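Please read the structure below before turning to the comments.
Every number in this text was worked out from the coordinates using simple rules, so none of it is lab data. Remember, predicted model here, so these are calculated numbers, not experimental data. Cβ coordinates were reconstructed from backbone atoms using ideal geometry, including for glycine residues, and neighbour counts include every protein chain displayed.
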Amino acid sequence: MKTHFCPVCAWPGLKELPRPKAGGGSFEICPSCGFQFGVSDDDRGQTFAGWRKTWVKAGAPWASKARPAPTGWDAAAQLKRFGR
């Protein structure tokens, strides 16, 4: 199964494209940062960069309550995909 990167936090396990070519959001919630594509952005006016900044400022915690973070998960290493 092909996965996609979160444009907010670089999590590599999204099941759908966050912003499909047809438009709109996927409505998938990133388990890493908690951004919901089509809701956090379209309905609540959050930008990817703004959400990322808030998430990092909060200590970049794993967001999902239902899905535990993978063993060895490291938000800082994940964010390096953005050159941060």
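For the residues W11, W55, the requirement of being in contact (Cβ under 8 Å) with a residue 40 or more places away in the chain and outside any loop (DSSP other than H, G, I, E, B) singles out W55.
What are the residues in the stretch 1-33 that are farther than 18 Å from W51 by Cα and of a type in the set (V, I, T), if any? Listed by number, the list holds a single entry, T3. Answer yes or no as to whether A76 is in contact (Cβ under 8 Å) with a residue 12 or more places away in the chain and assigned to a loop (DSSP other than H, G, I, E, B). The answer is no for A76. Contact annotation: residue pairs with Cβ atoms under 6 Å, 6 or more positions apart or on different chains, pairing a residue in the stretch 26-40 that is within 18 Å of P70 (Cα to Cα) with a partner that is surrounded by fewer than 17 Cβ atoms within 10 Å (Cβ to Cβ) and among the polar types (S, T, N, Q), are P31/S64.
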